[in-house]
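Engineer: This is the structure, below, for whatever I ask next.
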Amino acid sequence: MVQRVVVLGAGFGGLELVTRLSEAVGDQVDITLIDKNDSFVFGFAKLDVMFGRRQLTEVQADYRDIAKRGVEFRRETILSIDPATRRVLTDGGTYDADILVVALGADYNVAATPGLAEGGYEFYSVTGAERAGQALAQFEGGSVIVSVLGPLFKCPGAPIETVLLVHEYLSQRGLRERSTIHLTTPLPMPIPISKKTSAALSAILDEAGIECSFASMVSRIDPDARVAHLADGRELPYDLFLGIPVHCAPEVVRASELAEDGWIPVNPATFETKFPGVFAVGDVTSAPVPRAGAMAEGEAATVAAVLISRLTGTSAPPPFDGVAVCYVETGTSVARIDVNFLSYDTPVAKFSAPTTTLAAEKREFGTSRLTRWFGYDDPGASG
């Protein structure tokens, strides 16, 4: 009997899941992939948009181009999720699933940081990256603050990338000598699971003259005085404030029975929830791994293997190992961090210093996935 699979969200997790299922058991599944957007954009490509390297239209992959056996894409907004019955209501209809996978990612709560909307720029959304790019283009020098505004956020390396790219951007415009760059983050070090990797990244930041306040959180912004207030009582004047906003699960998830403490708990070995036949992957879960696209891709691969084994009657796959690769752009070069969160007693990370070879590897990372998920290349993708 053909199984009805409904996948909510077409990011790294959703796209990888439907691709694997289509390739392996496309004749045994009827997959509906639902997302409110009409196109996919790599998170790292938003930095290209922000720093004027590429236009938004150059980094978008249209969901209409998905042509996979057993897969149908629907652009609809999800209104409710009933995990007990595996029923999903959208603004386009009702879906009853045999297997339901929630891969809706995290939303951004700009209002959680008073003054951010009026006095700063979030750059994690597509529209936010465009607005921040316009502000950078008009910037004529001064103090720049890049701030992580919540304890949980996508891509631990992104704040490091951002301040280094600000450094490069201002240097190219002849503005660096009359500017300062300050990173604030609640993390105790750049990559908390590895002192060695953190030391290597800190050395790169020091060489670029970037000041860092670790274990620090901006609690509010005064847009009139142009001052960022930290929770420890410090005040940081700024001319340009770039913020990674507080993350939260989408409201439709928080309103469902799936959520506990704001996120979806899962079995970290299989990513099945407490509801049989209901899985969750990526940033929407409270799995003990970082929120990152490459990690969501690995989680989706695990769920696909679990579902394929059940559909084909083969032995269960090994549990998710928490392995992923993180690329950190430093300007013209790219560093690589290989992480393993679940295979050992404690998480580990290995750092590879920035090179142009790794920059090419990162480009291939992007193009290979566009080919795999959408069936076309984007040879200009730089991530």
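Engineer: Report those strands (runs of 3 or more DSSP E) wholly inside segment 151-225 carrying at least 3 residues which are surrounded by 20 or more Cβ atoms within 10 Å (Cβ to Cβ).
Structural biologist: 180-184
Engineer: Do any strands (runs of 3 or more DSSP E) lying entirely in segment 235-313 carry at least 1 residues that are touching a Pro at 6+ places or on another chain (Cβ under 7 Å) and buried (at least 17 other Cβ atoms within 10 Å of the Cβ), and which ones are they?
Structural biologist: Passing ranges, in order: 240-244, 278-280.
Engineer: Moving to a separate point now. Six or more apart or on different chains, Cβ under 7 Å: which pairs go from a residue in segment 92-117 that's under 30 Å from ALA231 (Cα atoms) and assigned to a strand (DSSP E or B) to one that's modelled with pLDDT of 95 or more and among the polar types (S, T, N, Q)? Could you list them?
Structural biologist: TYR108/SER125
For (1) out of contact with any helix residue (DSSP H, G or I) (no Cβ under 6 Å at 6 or more places or on another chain); (2) outside the structural domain of GLY133 (by TED's automatic domain parsing); (3) closer than 18 Å to ALA132 by Cβ; (4) not aliphatic (A, V, I, L, M), each residue gets a yes or a no:
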site	(1), (2), (3), (4)
ARG173	yes, no, yes, yes
THR185	no, no, yes, yes
MET189	no, no, no, no
SER198	yes, no, no, yes
SER213	yes, no, no, yes
MET217	yes, no, no, no
ASP232	yes, no, no, yes
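Engineer: Does any residue in segment 287-311 that is assigned by TED's automatic domain parsing to the domain that holds VAL25 come within less than 6 Å, Cβ to Cβ, of a residue that is assigned to a helix (DSSP H, G or I) and surrounded by fewer than 18 Cβ atoms within 10 Å (Cβ to Cβ) six or more places away or on a different chain, and which pairs are these?
Structural biologist: Between residues of segment 287-311 that are assigned by TED's automatic domain parsing to the domain that holds VAL25 and residues that are assigned to a helix (DSSP H, G or I) and surrounded by fewer than 18 Cβ atoms within 10 Å (Cβ to Cβ), the close pairs are ILE308/ALA24.
Engineer: Which condition number in (1) touching a Leu at 6+ places or on another chain (Cβ under 9 Å); (2) surrounded by fewer than 20 Cβ atoms within 10 Å (Cβ to Cβ) is the one that ALA132 fails?
Structural biologist: Of (1) touching a Leu at 6+ places or on another chain (Cβ under 9 Å); (2) surrounded by fewer than 20 Cβ atoms within 10 Å (Cβ to Cβ), only one is false for ALA132: (2).
Engineer: Continuing with the same structure: Considering every residue within segment 58-66, establish whether at least one is crowded, with 22+ Cβ neighbours inside 10 Å, touching a residue at least 60 places away in the same chain (Cβ under 8 Å) and over 27 Å from LYS362 (Cβ atoms).
Structural biologist: No: segment 58-66 contains no residue that is crowded, with 22+ Cβ neighbours inside 10 Å, touching a residue at least 60 places away in the same chain (Cβ under 8 Å) and over 27 Å from LYS362 (Cβ atoms).
Engineer: Has segment 10-19 got at least one residue that is at pLDDT 95 or above and outside any helix (DSSP H, G or I)?
Structural biologist: For segment 10-19, residues at pLDDT 95 or above and outside any helix (DSSP H, G or I): present.
Engineer: OK, next. Starting from segment 17-42, take each residue that is under 20 Å from ILE78 (Cα atoms) and list its partners that are in a strand (DSSP E or B) and among the acidic types (Asp, Glu), counting only C-beta distances under 9 angstrom and pairs at least six apart or across chains.
Structural biologist: From segment 17-42, the pairs are ASP30/GLU72; ILE31/GLU72; THR32/GLU72; LEU33/GLU72; ASP38/ASP62; SER39/ASP62; PHE40/ASP62.
Engineer: Keeping to segment 135-150, report how many residues are surrounded by 15 or more Cβ atoms within 10 Å (Cβ to Cβ) and either part of a strand (DSSP E or B) or polar (S, T, N, Q) (or both).
Structural biologist: 6
Engineer: Go through segment 35-55 and give me each residue that's touching a strand residue (DSSP E or B) at 6+ places or on another chain (Cβ under 8 Å) and either more than 26 Å from THR85 (Cβ to Cβ) or in a strand (DSSP E or B) (or both).
Structural biologist: Once the filter is applied, which keeps residues that are touching a strand residue (DSSP E or B) at 6+ places or on another chain (Cβ under 8 Å) and either more than 26 Å from THR85 (Cβ to Cβ) or in a strand (DSSP E or B) (or both), segment 35-55 yields ASP35, ASN37, ASP38, SER39, PHE40, VAL41, GLY43, PHE44, LEU47.
Engineer: Give the residues of segment 339-366 that are over 23 Å from GLU168 (Cβ atoms) and either touching a Cys at 6+ places or on another chain (Cβ under 8 Å) or among the hydroxyl-bearing types (Ser, Thr, Tyr) (or both), sorted by residue number.
Structural biologist: Passing the criteria: VAL339, SER343, TYR344, THR346.
Engineer: Any chance you could count how many residues in segment 20-34 are of a type in the set (Asp, Glu) and either in a helix (DSSP H, G or I) or touching a Pro at 6+ places or on another chain (Cβ under 7 Å) (or both)?
Structural biologist: Counting residues in segment 20-34 that are of a type in the set (Asp, Glu) and either in a helix (DSSP H, G or I) or touching a Pro at 6+ places or on another chain (Cβ under 7 Å) (or both) gives 1.
Engineer: Let me ask you something else. Is it the case that TYR124 is among the aromatic types (Phe, Trp, Tyr), under 24 Å from PHE44 (Cα atoms), part of a loop (DSSP other than H, G, I, E, B) and within 14 Å of the chain's Cα centre (by Cα)?
Structural biologist: Yes, satisfied.
Engineer: Let me ask you something else. Residues in segment 345-352: is at least one in contact (Cβ under 8 Å) with a residue 12 or more places away in the chain, surrounded by fewer than 22 Cβ atoms within 10 Å (Cβ to Cβ), of a type in the set (Ser, Thr, Tyr) and in a strand (DSSP E or B)?
Structural biologist: The answer is yes; a qualifying residue exists.
The values are calculated or read from the model by the stated rules, or taken from the named source; none is laboratory data. On a predicted model such as this, the values are computed, not experimentally measured, just so you know. With ideal geometry, Cβ positions are generated from the backbone for all residues, glycine too; neighbour counts draw on all protein chains shown.
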